[in-house]
Amino acid sequence: MEKLNIPLSVPNLSKDIVPMIEECIETGWVSTGGRFITEFEEKVANYVGAEKAVGVQSGSAGLHVAYRVMGVEAGDEVICPTATFIATVNPMMYIGALPVFMDCDDTLNMDLEKLEEFLMNNGQWTMDNGQEVLMNKNSGNKIKAICIVHVFGNPIDMVKVMEIAEKYKLKVIEDSAESLGSYYTKDGEKQAHTGTLGDIGVYSFNANKILTTGGGGMVVAKDKNILDKVRFLSVQAKTDPLYFTHDEIGYNYRLTNVASAFGVSQMNQLEGFIENKIKNYNLYKEAIKDIDGLEILPFNEDTRANYWFYSIMVDKDKYGIDRDELLVKLNECGIQSRPLWGLMHDQKPLKKYEAYKIEKARHYVDNLLNIPCSTNLTSEQVGAVVGKLKRFSNV
């Protein structure tokens, strides 16, 4: 069998980074201080339309601090999707919070109708320290927040999310790890970016993301005081940095200058990356519509998604083989492909937590396949993938 080499999603780096790395080395600013940190934070903030942004070591670190500054405490419940990567959930577990898992809809994002139904049927108002708070009737725990995920860069309906959150007095954490560059539109005009509509938003710059610093993340928030608290906690919560006074428990979560130099370079290329993503998605879409039994998932209307991942659904009866057999065949010939993550409520450490009417997510986890989508993917490589998708059909 012909062996190709088409990865799923890899970094797209430019040599313009070299002088910046040399500057880091020559000046000695290679750690958590240096001009590139400030420059990268400013570039991200300006790009997404936020007043400021705070760089952190990873998206997970950003979420950990985000849960904390949103007032999530041990024993509080946070509603989150079951169809997500476990990095959405792990940081709340560090605090001792309790996830409540919600199903997805056909966009792969959280099912907001079920979310509202759950809150209506299972929420009960109670008084706590003179404040009216929502309690889960099933568990007796306070429901503190909703963590939504813009899955694969596809923006969820944040207007609806915020309406629900306001009604039930819940904080909203936007896990925007996958969606840097995605924004909403109205009448074709650009509106708000993902990450900027909730109370706090977190982006990830892991190696497979649309923009990478090797690792790293960024936090934005509506309230400047909240963002100041994020920065404070991310540098070990130094109340007096000269005399090393610490009045709270903090974290070593600061983004490094070297990583930020990569970020500065990548931000200069981001729109070009997205342009190539959209072009290749449309090439796939046009070709796959003629392959019986395969369907490429769309991105939401009234948005300009970043098209981070391309997902196809495999109908065994029409295509001739199931998703798992296609997955094996593609990987054997050098086309890296992956299924949807294992659902969160199925994970061994998370099985004991509440999951509400999980139905549609099971269908997607059984039949969805992600195909190559790197920002430097060529049209020739798209053609090679499509050729194999046609060839492997047993109908």
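Derivation of every value follows stated rules applied to the coordinates shown; laboratory data play no part. Since we're looking at a predicted model, the values are computed, not measured. Note that we place each Cβ from the backbone using ideal geometry, even for glycine, and neighbour counts take in every protein chain shown.
About its Cα centre, the chain has a charge dipole of approximately 580 debye under the convention of +1 per Lys or Arg Cβ and -1 per Asp or Glu Cβ, with nothing else charged. In this entry, the range 114-228 is assigned a mean projected area of 9.3 nm², taken as a quarter of its C-alpha convex hull surface. Annotation: cysteines of the chain without a disulfide-compatible partner (Cβ-Cβ under 4.7 angstrom) are Cys24, Cys104, Cys333, Cys373. Positive end of the dipole of the range 270-391, charges at C-beta (+1 Lys, Arg; -1 Asp, Glu), about the Cα centre: which of Val314, His363, Tyr353 has its Cα farthest in that direction? Farthest towards the positive end: Tyr353.
Would you tally the net charge around Glu189, using a Cβ to Cβ cut-off of less than 12 Å, leaving Glu189 out, and scoring K and R as +1, D and E as -1? For residues surrounding Glu189, the net value is +1. When Cα extents along the principal axes in Å is computed from the coordinates, the matching label among [x] 69, 60, 40; [y] 67, 60, 44; [z] 56, 55, 45 is [y].
Kirkwood Rh over alpha-carbon pairs of the range 270-391, then Stokes-Einstein at 4 °C and 1.567 mPa s: what D in µm² s⁻¹, rounded to an integer?
The calculation lands on 83 µm²/s.
Here is the list for the range 182-251: chymotrypsin sites (Phe, Trp or Tyr not before Pro) lying in DSSP coil, each with at most 12 other C-beta atoms within 10 angstrom of its C-beta, are Tyr243, Phe244.
The peptide list 386-394, 127-135, 310-318, 147-155, put in order of mean Cβ contacts within 10 Å with the highest first, becomes 147-155, 310-318, 386-394, 127-135.
For the range 279-348 and the range 208-242, write down the distance between their C-alpha centroids in whole Å. Going from one Cα centre to the other spans 34 Å.
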